[in-house]
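Working notes, beginning with the structure itself.
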Amino acid sequence: MRLKGKVAIVTGAASGFGAETARLYAKEGAKVVIADLNIAGAEKVAAEIGEAAVAIKCDVSKRPDVDATVNLAMSKFGSVDIVVNNAGFTHKNQPFLNVDEATFDRCFDVNVKAIYHMINAVVPMMRAKKSGCIINVGSTAGIRPRPGLSWYNASKGAANLLSKSLAVELAPDNIRVNVICPVMGDTGMLGDFMGVPDTPENRAKFIATIPMGRLSTPRDIANAAVFLASEEASFLTGVELPVDGGRTV
């Protein structure tokens, strides 16, 4: 098992990419804290996993919630070795002038400020033990942006670059920071990304922009998250990893 003895926090883990990452982490031997605003969904995923998982309600944009999540990991499992900042938010695909300020703020609070909160919460303990792995879930939107998602694109561009900057600053402490950049996947946010009804015809138009001819899946992202957290990736930091079927080529 590639993550045996490790303790991980996965945010936005009640469904989609986060839920599959939590499941695969547990399968690979890790203890997992499943953090999500959707506590019912988080508890369901934790129940599926069993004793190796615990759920907590967490708004990643609020520092007290992030602190409570880290404290739960420490009290329940005794450590935090891996953090996957997966929780995300998007506005509906539309002209940028139509996006109101509250939605703009929520995009940056969840996609960027949440990383700030988590970094501040976990880095001191990781520095103390000279070990840690932080994986941010950015997006191909921050590499090759799609029209109609300008503010979301900007937030993910920030997450992508922030990951590289943190990697350089934390490398002397043996704390690795990498970012996974998924192409759009069949998750709850797909309809907002497309900005049109989720029909086979509309999906086909977006899939046509992905050379490998399909959307990303939660397992695609989870596989990348396991690799980046494993000893096999022990010399990888600052990597911006597109999991995108060739979309950003």
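The values are calculated or read from the model by the stated rules, or taken from the named source; none is laboratory data. All values derive from a computational prediction rather than experimental measurement. Because the Cβ atoms are built from the backbone with ideal geometry, glycine has one as well, and the counts that use them run over all protein chains shown.
Among residues that are modelled with pLDDT under 95 and not in a helix (DSSP H, G or I), residue 4 is not included.
Among the candidates 56, 135, the residue that is in contact (Cβ under 8 Å) with a residue 24 or more places away in the chain, buried (at least 19 other Cβ atoms within 10 Å of the Cβ) and either among the aliphatic types (A, V, I, L, M) or part of a helix (DSSP H, G or I) (or both) is uniquely 135. Would you check if residue 153 is surrounded by 14 or more Cβ atoms within 10 Å (Cβ to Cβ), part of a helix (DSSP H, G or I), free of Cβ contacts under 8 Å to residues at least 60 places away in the same chain and not basic (Lys, Arg)? The answer is yes for residue 153. Note on the stretch 181-212: residues that are at pLDDT 85 or above and small (Gly, Ala, Ser) total 3.
Can you name the residue in the stretch 92-109 that is in a helix (DSSP H, G or I) and without any contact (Cβ under 8 Å) to a residue 12 or more places away in the chain and is also nearest to residue 158 (Cα to Cα) among such residues? Can you show your working first?
Just the residues of the stretch 92-109 that are in a helix (DSSP H, G or I), to begin with: 96-98, 101-109.
With the extra rule that they be without any contact (Cβ under 8 Å) to a residue 12 or more places away in the chain, the set shrinks to 97-98, 101-102, 105.
Values: 97: 20, 98: 21, 101: 18, 102: 19, 105: 14 Å.
Once the filter is applied, the top-ranked residue is 105.
Screening 32, 10 for residues that are closer than 23 Å to residue 131 by Cα and either in contact with a Gly (Cβ under 6 Å, 6 or more places away or on another chain) or at pLDDT below 95 (or both) leaves exactly one candidate, 10. Looking at the stretch 62-70, can you tell me whether even one residue there is in contact with a helix residue (DSSP H, G or I) (Cβ under 8 Å, 6 or more places away or on another chain), in contact (Cβ under 8 Å) with a residue 12 or more places away in the chain and of a type in the set (A, V, I, L, M)? Yes, because at least one residue in the stretch 62-70 is in contact with a helix residue (DSSP H, G or I) (Cβ under 8 Å, 6 or more places away or on another chain), in contact (Cβ under 8 Å) with a residue 12 or more places away in the chain and of a type in the set (A, V, I, L, M).
When residues in the stretch 227-239 are screened for being buried (at least 21 other Cβ atoms within 10 Å of the Cβ), over 16 Å from residue 168 (Cα atoms) and not small (Gly, Ala, Ser), 1 of them pass.
Inspect all residues belonging to the stretch 52-62 and state whether any of them is of a type in the set (Ser, Thr, Tyr) and either under 21 Å from residue 179 (Cα atoms) or touching a strand residue (DSSP E or B) at 6+ places or on another chain (Cβ under 8 Å) (or both).
Checked against the condition, which is being of a type in the set (Ser, Thr, Tyr) and either under 21 Å from residue 179 (Cα atoms) or touching a strand residue (DSSP E or B) at 6+ places or on another chain (Cβ under 8 Å) (or both), the stretch 52-62 yields at least one hit.
When the residues of the stretch 162-181 are filtered to those that are out of contact with any Pro (no Cβ under 7 Å at 6 or more places or on another chain) and in a strand (DSSP E or B), the one that is surrounded by the fewest Cβ atoms within 10 Å (Cβ to Cβ) is 175. Could you go through the stretch 194-204 and let me know if any residue there is in contact with a Cys (Cβ under 6 Å, 6 or more places away or on another chain) and in a helix (DSSP H, G or I). No; the residues of the stretch 194-204 include none that is in contact with a Cys (Cβ under 6 Å, 6 or more places away or on another chain) and in a helix (DSSP H, G or I).
Set side by side, the residues 99, 83 differ, and just one is touching a Phe, Trp or Tyr at 6+ places or on another chain (Cβ under 6 Å) and either buried (at least 23 other Cβ atoms within 10 Å of the Cβ) or not aromatic (Phe, Trp, Tyr) (or both), which is 99.
If I filter the stretch 90-113 for residues that are under 18 Å from residue 179 (Cβ atoms), among the β-branched types (Val, Ile, Thr) and in contact with a strand residue (DSSP E or B) (Cβ under 9 Å, 6 or more places away or on another chain), do I get at least one hit?
The answer is no, given that none of the residues of the stretch 90-113 is under 18 Å from residue 179 (Cβ atoms), among the β-branched types (Val, Ile, Thr) and in contact with a strand residue (DSSP E or B) (Cβ under 9 Å, 6 or more places away or on another chain).
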